[in-house]
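To keep things clear, I will list the structure first and then write my remarks on it.
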């Protein structure tokens, strides 16, 4: 009689419980710790340009920190932008700051993202491009006749995901004060964004951790 083969059951991981476990195990600090996700890939070479991950992901519950979005605008759009934020730069501002690399670097470091009118992109590239480009902060182009506010609000809730030369991609999806359900919603948005650029089957492992906490594996 031929013996029956035993089927190996794949254990299902309760991701929501893993988030709660991570938050419970995280050591308490005198500052609010970020919640980080590390995605380890396999069978992919991020050194090849066609494999590079470079995307902006809007987090439904926000990144858990206040983010500054800078706006380059002229004319009516300049007036509209100034009603939204104080970080607005017209053509005169762009030109007057072009010889002050220190000030441009300060602005680039303070702003998580930038928005710009199409007709200002050439000037920005010539004057600010050498500082914004390497930081991955080339402005998002404002479509003609589009209102600024919706794009501004979306970017305030967004994070930038960029692969490096190794096989691990990192992302900050919130902070330890946020409810686990909110972190889960942001985590799901992150995975959906990653899936647009890379095959999810090539994700070998996923880890969660707070700034000073121990990693918790969820995949």
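At full extension, residue 212 and residue 110 could sit 34.3 nm farther apart than now, given 0.36 nm per residue minus the alpha carbon distance.
Here is the P(r) of the range 159-219: all C-alpha pair distances, binned every 10 Å from 0, give 18, 56, 25, 1 in whole percents. The distance between label points at residue 205 and residue 83 comes to 5.2 nm (points 7 Å beyond Cα on the Cα→Cβ vector).
When the alpha carbon gyration tensor of the range 69-156 is reduced to an equivalent ellipsoid, its three semi-axes come out at 19, 14, 12 angstrom, largest first.
Computed from the C-beta positions of residue 40 and residue 14 and an R0 of 22 Å, the FRET efficiency is 0.60 to the nearest 0.05.
The alpha carbon centroids of the range 32-91 and the range 129-161 are separated by 6 Å. You can think of it this way: the chain between residue 196 and residue 30 has 56.0 nm of extra reach, that is 0.36 nm per residue less the Cα-Cα gap. In this structure, residue 170 and residue 130 have a Cβ-Cβ separation that, at R0 = 30 Å, corresponds to a calculated FRET efficiency of about 0.70.
Based on a Kirkwood Rh over C-alpha pairs, give the Stokes-Einstein translational diffusion coefficient of the range 13-78 at 37 °C and viscosity 0.692 mPa s in µm²/s.
In µm²/s, the coefficient is 195.
Bear in mind these aren't lab numbers, they're just calculated from the coordinates by the rules spelled out. Just so it is clear, the model here is predicted, and its values are computed rather than measured. Glycine also receives a Cβ, built like all others from the backbone with ideal geometry; neighbour counts cover every protein chain displayed.
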